[in-house]
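Participant: To start, I am sharing the structure in question, which I have written as structure tokens.
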Amino acid sequence: MDIAKSVIVITAAGTPTGRAMAEHFCKLRARVALVDTDCQKLQATYESCLTAGGSCYSFLLESRDVDNISYLFEEVNREMGAVDVLINYWQAGGLPCLLASSDTVNQTIADVASNLYLFGRGAAFNMLDTGRKGVIVNIPGVLTDMEEEITLDSSNAVIRGLTRSWAQELEHANIRVGGVLPRLRHNDKGLIHHHPAINYDMIDGAAYIVENDSFTGRILEAAS
């Protein structure tokens, strides 16, 4: 796929990684749709992309549910043209352990659905409706200080599984699905090291997946 001729939707565009991702694709001359639920952070990314010389629109998402996300993609279609690529940036962090409190489990599972599954679903239906041979790229959020003690990178496991199953499900429609994950680094106690706020190798990996028409159902591991 030619990035310079593509409409690319980037979720969580107001985060540091989302902003860096948006700036990168703007510099590659894509038309970039910036999506976030935080108005101020979204505006900051929009202004940053304009400074970088990008062609972009910002879309404030009031809530993450099926109807709002479907409407979001329709709005992108009207303002920018048919969507070619979704950069599906998941901000939920790691899944809780099986013995975690019910409140923790309920909130985290809701975040997983909102930030990964629902955007993937919305993009897939939109690409099917518009007849696009699109691409969905799943990317996890970085570990926070509180998550530094997690011994199992559950978010990576979720993205690996969904990327492979979605690729099989969407193969008939010529919609490719790939994922980019940070390479795990462990200390002497077997705990995962904290990753930097922005991993530029992951951003380069996302661009590689979009450009490589044979890449689907697979995961790239980016240097941390």
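Computed from the coordinates by the stated procedures, all read-outs in this text should not be read as laboratory data. Because the structure is a prediction, the values reported are computed rather than measured. Please note: Cβ atoms are built from the backbone with ideal geometry, for glycine as well, and neighbour counts cover all protein chains shown.
Participant: Could you put 160, 176 in order, starting from the residue whose Cβ has the fewest other Cβ atoms within 10 Å?
Facilitator: With the fewest neighbours first, 160, 176 line up as 160, 176.
Participant: Taking every pair of alpha-carbon atoms in segment 1-96, give the share separated by more than 17 Å as a whole percent. Working shown, then result.
Facilitator: On the way: 2057 of 4560 pairs.
Within segment 1-96, distances greater than 17 Å cover 45 percent of Cα pairs.
Participant: I would also like to ask the following. Just add up the charged neighbours of residue 122: K/R +1, D/E -1, any other residue whose Cβ is under 13 Å from the Cβ of residue 122.
Facilitator: -3
Participant: List the trypsin sites (Lys or Arg not before Pro) within segment 31-82 that fall in a DSSP loop (any state other than H, G, I, E or B) and whose Cβ has at most 14 other Cβ atoms within 10 Å.
Facilitator: Passing sites in segment 31-82 do not exist.
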